[in-house]
Each structure stands twice: as structure tokens, then as C-alpha cells.
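The values are calculated or read from the model by the stated rules, or taken from the named source; none is laboratory data. Given the structure is predicted, the values throughout are model-derived calculations rather than measurements. No Cβ is skipped: glycine too gets one built from the backbone with ideal geometry, and neighbour counts run over all protein chains shown. Just so you know, the surface numbers come from the protein's heavy atoms only, side chains and all, with ligands and any DNA or RNA stripped out. Shrake-Rupley method; radii C 1.70, N 1.55, O 1.52, S 1.80 Å.
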Amino acid sequence: KAGVTQTPRYLIKTRGQQVTLSCSPISGHRSVSWYQQTPGQGLQFLFEYFSETQRNKGNFPGRFSGRQFSNSRSEMNVSTLELGDSALYLCASSYLGQGSQNEQFFGPGTRLTVL
Amino acid sequence: DAKTTQPPSMDCAEGRAANLPCNHSTISGNEYVYWYRQIHSQGPQYIIHGLKNNETNEMASLIITEDRKSSTLILPHATLRDTAVYYCIVRVGSSNTGKLIFGQGTTLQVKP
């Protein structure tokens with residue numbers, strides 16, 4: 001099975017711009033979660049989507065949003081970028097079905113740099 | 001906030017067992033202990049999880065104390081490729097959610 005893929009892998013933007021990151025989960029996985037990782041704050045949960053619905057949300061401003069499509073692929077969007085949004089953005093997928101271990105499978109991440 | 005406490009860093013000699021401790025004194029009866037690791041600049045990788053019995057898989061062993069307030073992840077024969085940040089996470093294993101709350105983890109340095 002192919003793993004979780006994220007595109008693009010690297011991105012450079014300037015303050016005030018917006019950005020869209022994409023995540024393709026493992027085939028059959030319906031849950032997609034997004035995380036932000038920075039040296040200062042570590043790994044922080046952004047939000048989770050399941051069957052096209054946002055099910056959980058972390059403590060991030062409304063500039064961070066996401067969506068999930070019917071094929072379970074997910075996108076996250078950050079508007080009005082700030083310098084502090086520079087981070088590694090990780091996507092994770094999970095089966096979350098009967099009998100599963102509920103483990104999360106992470107993608108390689110998208111490294112966003114805001115100048 | 002994370003419900004676990006881990007030492008910030010540990011060293012281990014290559015070929016020796018690496019024992020990584022984790023305290024989770026407020027764990028609830030239906031919460032599992034999960035371990036993930038993150039090798040530099042990669043996404044975290046699932047290692048193992050358990051409820052109250054000791055668990056073993058091809059990567060590691062997990063020892064959970066009888067009162068479930070602490071646990072130890074054991075890498076039986078550490079290699080240089082095991083150098084990573086190891087995260088201990090407590091969550092409801094049967095929960096219908098993918099949300100994970102990460103703490104600061106333990107940076108394990110395996111030395112030749």
C-alpha cells in the first residue's frame with residue numbers, strides 16, 4: 001500500500017499571502033488529521049476530518065482551515081500568512097474502523113517558509 | 001496539554017537495549033499508551049501501544065506498570081538508525097478520532 005503523500009514538500013511564501021497544502025491518505029483511510037510542528041511549540045494538532053466533516057479542531061486561529069473530499073484527500077489552507085506560520089505541516093491518516101489499532105500514519109510533511 | 005512526562009534526552013550505546021521511560025500518572029482506565037518516534041525531519045512513525053499488559057512487536061517492547069502510572073519502551077538492540085525523538089502519548093484507544101496530543105518527547109541518541 002502506498003503511504004500518505006503530501007504536496008508540495010517545500011514552499012516559500014511571503015507575509016500576507018495564502019497557501020494550500022494537499023494530503024492524500026492511505027487507501028481506505030477515512031480520517032485525516034493535520035499537525036503543525038515548530039521548534040518552539042513542538043507538534044500541535046490543527047484539525048481532523050472524517051468523511052468530509054471536520055470532527056476535531058485544535059487551538060489555532062480561523063486563518064487555518066481545511067476540507068476533505070469524497071475520496072478522503074484533504075487540503076489545508078492558511079490565509080494572510082505570518083512569519084510565525086513557518087513550520088513543518090504534517091498530515092496523518094487513520095482507518096479508525098472496527099478492529100483497527102487506531103494508529104496514525106504520517107506523511108513526510110510540507111516545509112513552509114514565510115518571508 | 002499532554003498527559004505524559006518524559007526525560008528530554010537519553011543516550012544509548014549501539015547494540016545495547018534502550019529503555020525510554022514515560023510517566024502518565026493521571027491515565028484513565030480506558031486510555032491506552034501509544035509510542036511514536038520521529039526521525040529528523042520525517043513524519044512520526046507508530047511504534048507500539050498497550051492498555052495494561054506488556055506488548056511486543058518487531059520494533060519494540062512496551063512494559064506498563066501494574067498501576068498503569070508509568071511505562072517503558074524498550075528497543076532491545078539499538079542501532080544508529082534508532083536515533084530519533086520518541087513520543088509517549090495517552091489516548092482512548094477505542095476512540096473514534098485521529099487526534100493525538102504530543103508532548104516534548106525524549107531525544108534518543110544512539111552512539112557507536
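Summary of values
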{"quantity": "The stretch B:18-49, residues that are away from every other protein chain (no Cβ under 14 Å) and part of a loop (DSSP other than H, G, I, E, B)", "calculated": "B:H24, B:S25, B:T26, B:I27, B:S28, B:G29"}
{"quantity": "Some residue of the stretch B:17-27 being closer than 30 Å to A:Y49 by Cβ, without any contact (Cβ under 8 Å) to a residue 24 or more places away in the chain and open to solvent by 10 Å² or more (accessible area, probe 1.4 Å)", "calculated": "yes"}
{"quantity": "Residues within the stretch A:20-41 that are surrounded by fewer than 19 Cβ atoms within 10 Å (Cβ to Cβ) and part of a strand (DSSP E or B), tallied", "calculated": "3"}
{"quantity": "Number of the exception - B:G50 against (1) modelled with pLDDT under 95; (2) open to solvent by 10 Å² or more (accessible area, probe 1.4 Å)", "calculated": "(2)"}
{"quantity": "Subset tally (residues that are within 14 Å of chain A (Cβ to nearest Cβ) and touching a Leu at 6+ places or on another chain (Cβ under 7 Å)) for the stretch B:50-79", "calculated": "4"}
{"quantity": "Criterion violated by B:L73 - all others in (1) part of a strand (DSSP E or B); (2) surrounded by fewer than 18 Cβ atoms within 10 Å (Cβ to Cβ); (3) touching a residue at least 12 places away in the same chain (Cβ under 8 Å) satisfied", "calculated": "(2)"}
{"quantity": "Selection from the stretch A:26-41 of residues that are more than 10 Å from chain B (Cβ to nearest Cβ) and either among the aliphatic types (A, V, I, L, M) or touching a His at 6+ places or on another chain (Cβ under 8 Å) (or both)", "calculated": "A:I26"}
{"quantity": "Residue tally, condition closer than 18 Å to B:Y46 by Cβ and open to solvent by less than 60 Å² (accessible area, probe 1.4 Å), over the stretch A:1-19", "calculated": "3"}
{"quantity": "Members of the stretch B:1-17 found to be within 22 Å of B:P76 (Cα to Cα) and in a loop (DSSP other than H, G, I, E, B), listed by number", "calculated": "B:Q6, B:P7, B:P8, B:E14, B:G15, B:R16, B:A17"}
{"quantity": "Meets criteria (more than 14 Å from chain B (Cβ to nearest Cβ) and surrounded by 13 or more Cβ atoms within 10 Å (Cβ to Cβ)) for A:K57", "calculated": "no"}
{"quantity": "Hits in the stretch A:55-113 (condition: acidic (D, E) and not in a strand (DSSP E or B))", "calculated": "A:E82, A:D85, A:E103"}
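The rows are residues; the columns are (1) hydroxyl-bearing (S, T, Y); (2) more than 15 Å from the chain's Cα centre (by Cα); (3) open to solvent by less than 40 Å² (accessible area, probe 1.4 Å); (4) within 14 Å of chain B (Cβ to nearest Cβ).
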position: A:S72; (1), (2), (3), (4): yes, no, yes, yes
position: A:L83; (1), (2), (3), (4): no, yes, no, no
position: A:L90; (1), (2), (3), (4): no, no, yes, yes
position: A:N102; (1), (2), (3), (4): no, yes, yes, yes
position: A:G107; (1), (2), (3), (4): no, no, yes, yes
